[in-house]
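Below is one structure; the comments refer to it alone.
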Amino acid sequence: MAPGQDLDGHPRPPRLSAEELGSAFGDVLTAAIGKTMVPAGLPRRLSSGASRESWVFEVAPGVEGPRRFVVQLFPERHIGTGLTAMSEAQLLAVASDGGVPVPRVVAAGGPGGPPGAAFLVTEWIDGETLPSRIFRDPTYRPGLAGLQRECASALARIHDLPVDATHLRPLDPIEPYRDDLAASGQSHPALEWAYRWLIQNRPQGNPPCIVHGDFRLGNLMVDGRGLRAVLDWELAHIGDPYEDVAWPMVRAWRFDRVRPAGVFPDRESWLSAYGEASGLDVDPDIVRWWEIAGTFKWGVICLTQWLRHRDGATRSVELAAIGRRVAENEYDLLGLIP
Amino acid sequence: MSSSLPLPPESKGEDDTGSVGLVGRPRADELIEAVRELLSDEVIGVTSGQLHHQIRVAINVLAMVERELRDGPMLEHAHRARLALAGVSSDSQLASEIRSGAMDGREDVRPLLLADAVDRLTLINPSWLES
């Protein structure tokens, strides 16, 4: 599997009951904050398709400060670039220092801790991540106009973070996915054709920087005022800033059916907003290469998602169905490649 | 026409005189349609959260399978004909020839891939072709 995907293929964290988790989270928070934190009811599992288990956990009144937290439990093993709880905590701290809106880290720990898995606890942030709700619910309308500028500013700040301050590693944008395609044993001539074009037309890169790796609608917390936080940092790595610039423009992440005109990521103005925020002279032709690379990558990820179902790692009609979405990316690639 | 005459092969399964294929009516696509209607008319409305989402995915999957059962054989035939025209016998041969560079400079490859992609989406997700 590609480094970006390997988290998903791993055994799930040991499953504790909600009662056991609530008690464990209470202990973790008490140790982190230095005051006794009593669980208020049971933690609630967030519906997230990712490999990590995410829980919302509340503590009883009586302590100052935030009382609602998100706890993520990490899979047992880590290979490739999937961040460990400790390195993600460190990255979030670096990002926060750099002015990127991120959830505040409360505690993080390795697999030996009370929840029985490596964990990351962050403060709860009110808002919405689902694009259909962000674009259709009038609550969020006042924040939409400035969303593009805020996203550009947040992304430019991410790319300006000190590269040496984290343990992130470089990740090639296409080779791991080419390897996955080859290893899948499936024949996808259009993906082979796109890969061939990508290697024959690879542009000169920008100086390496910290890349978020999954900067797109769905991973951005938005409320009525606009962008609240950039979430889901598990695919962060060292790479080219254009990878992040192009990724939200990949059709799967544009949500064209629900997104109002001009709102992030609006093809016409997103590049200039990012250019303004970053000071880079953005070359649309080079970003196009990255959009093609992103579409190729997502096509291969669709394929590997279905393999997770086929091979029994996670049986799910959703993962099986995603396997058919390879075709959407093949069609888009044929339209995108000049 | 007398009902005792054999039906032409393309009428198999389409006829309601009782002279049908091995399993007859309802056809597989008609059964899938019935299950899909159960999910969309009776089940999805009483679900919420993650299960609601999964049922919606399941409804889409069944609609996809219905299209595949009805139109798949015809589009598969066209796909085979395109491969033959390009001088390859299978998708895997085409993929490996593209990979090796043997198809570099062949101007007929891109139109073939596009026609395949359009037909595949016609079965899988026709709405993707709209914009």
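The values are calculated or read from the model by the stated rules, or taken from the named source; none is laboratory data. None of the values given here were measured: they were computed from a predicted structure. Reconstructed Cβ throughout: ideal geometry from the backbone, glycine too, with neighbour counts over all protein chains shown.
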*Quick one: A:Phe135 ticks every box in (1) under 26 Å from A:Arg259 (Cβ atoms); (2) in contact with a Gly (Cβ under 7 Å, 6 or more places away or on another chain); (3) among the aromatic types (Phe, Trp, Tyr) except a single one, so which number is it?*
(2)
*Enumeration of residues in the range A:199-224 that are farther than 20 Å from A:Val258 by Cβ and either touching a strand residue (DSSP E or B) at 6+ places or on another chain (Cβ under 6 Å) or part of a loop (DSSP other than H, G, I, E, B) (or both)*: A:Asn201, A:Arg202, A:Pro203, A:Gln204, A:Gly205, A:Asn206, A:Pro207, A:Pro208, A:Val211, A:His212, A:Gly213
_Quick check on my filter: what residues within the range A:143-183 are buried (at least 18 other Cβ atoms within 10 Å of the Cβ) and not in a helix (DSSP H, G or I)?_
A:Leu161, A:Thr166, A:Leu168, A:Leu171, A:Pro173, A:Ile174
*Looking at A:Gly299, is it in a helix (DSSP H, G or I) and surrounded by fewer than 18 Cβ atoms within 10 Å (Cβ to Cβ)?*
no
_Criterion violated by A:Val258 - all others in (1) touching a helix residue (DSSP H, G or I) at 6+ places or on another chain (Cβ under 7 Å); (2) free of Cβ contacts under 8 Å to residues at least 40 places away in the same chain satisfied_ = (2)
*Of everything in the range A:95-130 that's among the charged types (D, E, K, R) and not in a loop (DSSP other than H, G, I, E, B), which residue is surrounded by the most Cβ atoms within 10 Å (Cβ to Cβ)?*
A:Glu128
*For the range A:279-296, what are the residues that are surrounded by fewer than 21 Cβ atoms within 10 Å (Cβ to Cβ) and not β-branched (Val, Ile, Thr)?*
A:Gly279, A:Leu280, A:Asp281, A:Asp283, A:Pro284, A:Asp285, A:Arg288
*Cβ-Cβ below 8 Å, separation at least six or inter-chain, first residue in the range A:265-294 and in a loop (DSSP other than H, G, I, E, B), second of a type in the set (S, T, N, Q): which pairs?*
A:Pro265/A:Gln148; A:Asp266/A:Gln148; A:Leu280/A:Asn206; A:Val282/A:Ser272
*Count, please, the residues in the range B:86-131 that happen to be within 21 Å of the chain's Cα centre (by Cα), surrounded by fewer than 16 Cβ atoms within 10 Å (Cβ to Cβ), more than 9 Å from every other protein chain (Cβ to nearest Cβ) and part of a helix (DSSP H, G or I).*
3
*A:Ala152 passes all but one of (1) closer than 23 Å to A:Ala277 by Cα; (2) in contact with a Phe, Trp or Tyr (Cβ under 6 Å, 6 or more places away or on another chain); (3) not assigned by TED's automatic domain parsing to the domain that holds A:Val258; which number fails?*
(3)
*Yes or no: A:Glu192 within 18 Å of B:Ser92 (Cα to Cα) and of a type in the set (Asp, Glu)?*
yes
*What are the pairs, 6+ residues apart or on separate chains, where a residue within the range B:50-75 that is under 27 Å from A:Leu130 (Cβ atoms) and facing chain A (nearest Cβ under 10 Å) has its Cβ under 7 Å from a residue that is of a type outside the set (Lys, Arg) and not in a helix (DSSP H, G or I)?*
B:Gln50/A:Ser47; B:Ile55/B:Thr47
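Output the residue which, of all residues in the range B:20-51 that are outside any helix (DSSP H, G or I) and surrounded by 15 or more Cβ atoms within 10 Å (Cβ to Cβ), is farthest from the chain's Cα centre (by Cα).
B:Val20
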*Give me the pairs: first residue in the range A:181-199 and over 19 Å from B:Leu114 (Cβ atoms) and more than 9 Å from chain B (Cβ to nearest Cβ), second residue hydroxyl-bearing (Ser, Thr, Tyr) and assigned to a loop (DSSP other than H, G, I, E, B), beta-carbon distance under 6 Å, and six or more apart or on different chains, which are they?*
none
_So, in the range A:321-338, how many residues would count as being more than 8 Å from every other protein chain (Cβ to nearest Cβ), buried (at least 21 other Cβ atoms within 10 Å of the Cβ) and either touching a His at 6+ places or on another chain (Cβ under 8 Å) or in a loop (DSSP other than H, G, I, E, B) (or both)?_
1
*Take the range A:308-320 and flag every residue that is surrounded by fewer than 21 Cβ atoms within 10 Å (Cβ to Cβ) and outside any loop (DSSP other than H, G, I, E, B).*
A:His309, A:Arg310, A:Val317, A:Glu318, A:Ala320
